Amino acid sequence: MAGHAPARREFLSNGAALGCCLAASPILTPVTLASAPHDHRLVVIILRGGMDGLDVIRPLGDAAFSTLRPDLRLKETDRGMDLDGFFALHPALAGLMPLWRAGEFAAFHAVSTPYRGKRSHFDGQDVLESGIGLEDRQTRSDGWLNRVLQQLPGAESETAYAIGRSDMLLTRGAAEVADWAPDAALVLSPQAQSLLEMVMHDDPLFRDATIEAIALSGTDLAAQPGRSAPRGGDMMNAMRENMRAARGGARPASIARFAADRLRQDTRIAAFSLNGFDTHSRQDKSLPGSLERLAEAIMTLRNNLGPVWERTTVAAMTEFGRTARLNGSGGTDHGTGGAMLLAGGAVRGGRVLTDWPGLAEADLFQGRDLRPTRDLRAPLGWLLRDLFGFEKRVIETAIFPGADMGPDPGLTR
Amino acid sequence: MRFDREKADIRFGCGLSPRIAPPRDIQQMIDQLKGPDEASDVFPIPKTETILELARASRAARQQRRKATTEKSRENARDARRSVRRRVQRLALDSLANGFLRRALTVDGLRERLCAFWGDHFTASGKGVLWRHARPAYVETAIRPHVTGNFADMLRAVAMQPLMLHYLDQHLSVGPTSRVAQVNRTLDGLNENLAREMLELHTLGVDGPYDQSDVRQLARLLTGLSYNLKQGFIYRSSFAEPGPETILGVTYGQGKGRLEDIHAALDDIATHPSTAAHVARKLAVHFVSDEPAEALVAHIAARFRDTDGDMAAVTEALLEHPAAWQPAAENVKRPVDFIGSALRALDIVPRHIPKNDPRKMLDLLIMPLALMGQDWTGPSSPEGWPEANEEWITPQRLAARLQWAMSAPFALRRVLPNPEDFALGALGHAPPQDVIRAARAAETRAEGVGIVLASPAFQRM
């Protein structure tokens, strides 16, 4: 459960008498950030289900790869876009090639969390989001991104945003994290809005949350064609539309648009998750859609962040990789080593970073998975040092206890 | 500050109903609570045995698929799997629909609220296709029969539930010198999760008079608590650490581990004065205020101590104290209470709940609950749902409440009452004037009803 914002609320209730509420809401008022000692932006995307790193960043240069993935041999034209002569990018991520060419996209390959053995989504995601191995973990651990906030001097309630309807362990903990699901956006007639303001007026808790909810709803509605405040008789249609939107879940683009909108202002850290990476069968059919959504999210961030993109790092990570071999139904099963994807103007990209373990039978982890050669938390730790100036000691004890950061891969510019 | 019929239903029950009169007095509330559980007869929710049966069927279907060699046998295995999935979905939707129908139509709202409270106090939840829906069955089996019984019996019951044992890893806990550990050194060792949460959350409280050594000793004592899909709870003596163990200065067991020794320890912890204080404060916070009157807490705790945790008497202590009837409605309804009391005010009956239409159930109940912050499969931590109002009324969560209030009543009911009449029924005899004005001024019935439900006067209890 994310913490929330009493300080912010006090601020709101001082200034915002309903009626002129939106103009007085600080959300719509530019706030200077002179006090914030760091200006970098970090976006963490959790890819749920276990993304197949070997299919996304394909080691075509490894002789064993074509034996493990015989389907790719058949498709000469569809083998992916060459990255560095050894690795190729999955065709569904073609949208990210301009970033690669601009040196704003990188991958870190053959990494994994410290989770080993049972290959359970739930345990794997718990380890990924808590940043702590199962054996070191208490039942109620907090998320590593929340611990990052706890270490940030001057972090406030809007410094980090958890976006989307799911309650992420990643951002849970003692530090305050704002949350918003674009699919919770309200569609209200002007009359309903003013009547709501009337009944909320004398209750500061409800009044202030209503003001913010209406303001936040406006952020995304404006950008979505076909979703605007209804008038009178359109109300029922609007409600049905609302229901449909909620059922379908927020599209990655609307999540990313919302994130970009916040990151252009006070917010320094945003996190959300994308589902659909558990590709047990017909991976050639099931994976592309999920990858396209990821590319759409990243490109939406880039296109909406404006100059802030230069100071932004997007890190997309998953609970584990998948089996090196294709299974009998054209998919892959839960594995171990995989890839983390990095994008953003702050990233020193155009590179696939890896201590490549090889894919020969003897090189595989337990004879089946890509062998992780580096703890995922090591590059993440260096990233946090680059972005927020944390000391290595703080990262290895307070943020990723038990992790060994090893040598600096120099991830940022 | 004294008993008020409408407050009794709003604060301690499931809200006001146009069909069912609120309780006359505290005695009637307690009598109903001690009387037959009519709501569970009319709107049944499966028990743990049904979960186990489905788990066995699911396992059998998986085995069938593994063994299948012919196309025909593969087809049969697929059918078996599909059938299990359908039954799980049926179980999930029935549990959800009947849980809300109980709230909408019960005469004994206090029972529903107490079951939710204790189910939350002893939070357990599962993961995976079947077990994520096991929570209602767990509450029905281990909590509901004990809300007027002894706290110690409830503690024993939850400690023997497969869902709890799995949730807090107790079934994996192996005594370091147990029989099985002597034979197989690779087995995982002691797991302290259940022991720790039992002391910290379920009984003594985080400020209670225990230390790490008590946690460790209790963890050793609890080894052997386990389950399988055939029998449900089992005591696996081969996992049990030989005694004695000393917890809070009392020594239990000698030599071979025994279930009786575990029960003896649980009984002592359940009736400890710190448990009385911890439970009393939680009740007062949950039902009355995030910052309850100390006199109220002390009164409940004293009754708990005097009766060794007789829950009917403890509940009566809560109800009979003047501070419980403070005029100001401070606590915000949790999403389940909010939706439940809205359904009750709207006079929802079984035919209104689209329990055979999974998509509508998703739109109207499941998704809204998640967006309001109370996922129907349970909280994400053993601490249970948060109590603080600020946790629930965030922009996102409130937006989800407002959206539901404006759209779900019409979708469920089609025919909506006059908003002004609805306000009088839903808010009681003295509704705030601006809510009445807003109800009158709304452009449509749906908006008018929505604004009444959205008002703090309805959302607080």
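The values are calculated or read from the model by the stated rules, or taken from the named source; none is laboratory data. On a predicted model such as this, the values are computed, not experimentally measured, just so you know. Note: ideal-geometry Cβ built from the backbone for every residue, glycine included; neighbour counts use all protein chains shown. Accessible surface is based on the protein model in full, side chains and every heavy atom, while ligands, DNA and RNA are left aside. Shrake-Rupley method; radii C 1.70, N 1.55, O 1.52, S 1.80 Å.
The aspartates and glutamates within cross-link reach of B:Lys67, meaning a Cα-to-Cα straight distance under 14 Å and a gap of 8 or more places when in the same chain, are B:Glu75.
Counting heavy atoms of the protein chains alone, B:Lys7 has an accessible area of about 50 Å² for a 1.4 Å probe.
Assuming R0 = 25 Å, can you tell me the calculated FRET efficiency for the pair B:Arg62 and A:Arg368, based on Cβ-Cβ distance, to the nearest 0.05?
On the way: r = 20 Å, r/R0 = 0.81.
It comes to 0.80.
Extending 7 Å from the Cα toward the beta-carbon at both A:Arg393 and A:Glu361 defines two label points whose distance is 5.0 nm.
When 1/r is averaged over all different Cα pairs and the result inverted, which Kirkwood radius in Å belongs to the stretch A:310-413? It would help to have the intermediate numbers written out before the result.
Values: mean 1/r = 0.0660 Å⁻¹.
The answer is 15.1 Å.
Checking every one of the trypsin sites (Lys or Arg not before Pro) in the stretch B:149-253 against DSSP loop status and a limit of 12 other Cβ atoms within 10 Å picks out B:Arg185, B:Lys230.
With R₀ set to 41 Å, the beta-carbon distance separating A:Asp404 from B:His263 gives a calculated FRET efficiency near 0.35.
Leaving ligands, DNA and RNA out of it, rank B:Thr377, A:Thr67, B:Thr246 by accessible area with a 1.4 Å probe, largest first.
In descending accessible area the options line up as A:Thr67, B:Thr246, B:Thr377.
What's the buried accessible area, both sides, between A and B using a 1.4 Å probe, rounded to 100 Å²? Mind showing how you got there, number by number?
Working: alone 17250 and 20030 Å², together 32840 Å².
Buried surface at the A/B interface: approximately 4400 Å².
Spatially, the stretch B:277-315 and the stretch B:317-356 are offset by 21 Å when compared through their Cα centroids.
For chain B, what does the convex hull of the Cα positions come to per residue, in cubic angstrom? Walk me through the numbers on the way to the answer.
Numbers: hull volume 70.0 nm³, N = 461.
Hull volume normalised by residue count: 152 Å³.
Relative contact order for chain B: what percent, with Cα pairs under 8 Å and sequence separation of 6 or more? Mind dumping the intermediate values first?
On the way: 723 pairs, mean separation 81.5, N = 461.
The value is 18 percent.
Among B:His133, B:His429, the sequence by solvent-accessible area, most first, with a 1.4 Å probe is B:His429, B:His133. The mean number of Cβ atoms from other chains found within 10 Å of a Cβ in peptide A:180-191 is 5, as a whole number. With a Cα-only, solvent-free Debye model of the protein assembly as shown, what are the log10 I(q)/I(0) values at q = 0.06, 0.08 Å⁻¹? At q = 0.06, 0.08 Å⁻¹ the computed log10 ratios are -0.43, -0.78.
Taking every DSSP beta bridge with both residues inside the protein assembly as shown, roughly what % is antiparallel (nearest 5)?
Details: 28 of 54 bridges.
Expressed as a percentage, antiparallel bridges in the protein assembly as shown total about 50.
For chain B, the longest principal axis of the Cα atoms and the long axis of helix B:259-270 meet at an angle of about 40 degrees.
Could you state the accessible area per residue of the stretch A:42-173 in Å², with a 1.4 Å probe and every protein chain left in place? Please list the in-between numbers first.
On the way: 4520 Å² over 132 residues.
For the stretch A:42-173, the solvent-accessible area averages 34 Å² per residue.
With each label modelled as a point 7 angstrom along the Cα→C-beta vector, the B:His429-B:Arg85 pair spans 5.6 nm. Axis angle, to the nearest 10 degrees, between helix B:294-306 and the longest C-alpha principal axis of chain B: 40 degrees. Only protein heavy atoms count here; under a 1.4 Å probe, B:Ile20 has an accessible surface of about 20 Å².
Sketch the reach of a paramagnetic label on B:Val183 as a point 7 Å from Cα along Cα-to-Cβ, and name the residues of the stretch B:243-273 whose backbone nitrogen lies under 17 Å away. Inside the label zone: B:257.
In whole Å, what three semi-axes, largest first, describe the equivalent ellipsoid of the stretch B:259-363 built from its Cα gyration tensor (square root of 5 times each eigenvalue)?
Values: eigenvalues 237, 96, 25 Å².
The answer is 34, 22, 11 Å, longest axis first.
The mean number of partner chain beta-carbon atoms within 10 angstrom of a residue's beta-carbon across peptide B:124-130 is 1.
Accessible surface for B:Cys14 stands near 10 Å², nearest 10, in the context of the full protein assembly shown (1.4 Å probe). Across peptide B:402-413, the average count of Cβ atoms from other chains found within 10 Å of a residue's Cβ is 5. Distance from the Cα centroid of the stretch A:310-371 to that of the stretch B:397-461 is 52 Å (rounded to whole angstrom). Could you tell me how many degrees, from 0 to 90 and to the nearest 10, lie between the Cα long axis of helix B:71-105 and the main elongation axis, the longest principal axis, of the Cα atoms of chain B? The helix B:71-105 is inclined about 50 degrees to chain B.
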